[in-house]
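Below is one structure, written out as C-alpha cells; comments come after it.
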Amino acid sequence: SVDTPEGKAVLQNLHDMRWSDNSMGSKQLLVINDVQQLMGSGKLGMYLSAPDNIPILGKEKGGNYDDLALAPMP
C-alpha cells in the first residue's frame, strides 16, 4: 500500500527524481526501441526489462557488456 510511511517515501523519491533533481529526466513513456538505444549509447542509467534485452543492447545498440548488469526484481 502507498498509504504507509514506506509507500509515501517511495512516491516522494520518485517525485524528487523527476521534478527536483531531474535524475529521471523529462522524457517519459518511451517505446522499448528508444529505451534500448538510450541504454546502449550510455545515455540511460536504468530500466526494467527481461534478461533477453542484454544481447540486444550489446549486439544491436552499441552497448558494452562490461557496462551492463542485471538485478532480480521481487
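Could you give log10 I(q)/I(0) at q = 0.14, 0.28 Å⁻¹ for the stretch 21-74, computed by the Debye formula over C-alpha point scatterers of equal weight, without solvent? Evaluating at q = 0.14, 0.28 Å⁻¹ gives log10 I(q)/I(0) of -0.36, -1.23. Placing a label point 7 Å from the Cα of Ala69 along the Cα-to-Cβ direction, the residues of the stretch 1-44 whose backbone N falls under 16 Å from that point are 44. Spin-label model, Glu6 to Leu29: label points 7 Å out along the Cα-to-beta-carbon direction sit 3.1 nm apart. Per-residue 3J(HN,Hα) values for the stretch 17-29, derived from phi via the Karplus relation 6.51 cos²θ - 1.76 cosθ + 1.60 with θ = phi - 60°, read 5, 8, 10, 9, 9, 6, 5, 8, x, 9, 8, 10, 6 Hz in sequence order (x marks Gly and Pro). Annotation: lysines with alpha-carbon distance below 23 angstrom to Lys8 (same-chain offsets under eight excluded): none found. List the aspartates and glutamates whose alpha-carbon lies under 16 Å from that of Lys61, not counting same-chain residues fewer than 8 positions away? Output for Lys61: Asp34, Asp52.
None of the figures in this text is laboratory data; all of them are computed from the coordinates on show. Worth saying up front: this structure is predicted, and the values here are computed from it rather than measured. Using ideal geometry, Cβ is built from the backbone for each residue, glycine included, and neighbour counts are taken over all protein chains shown.
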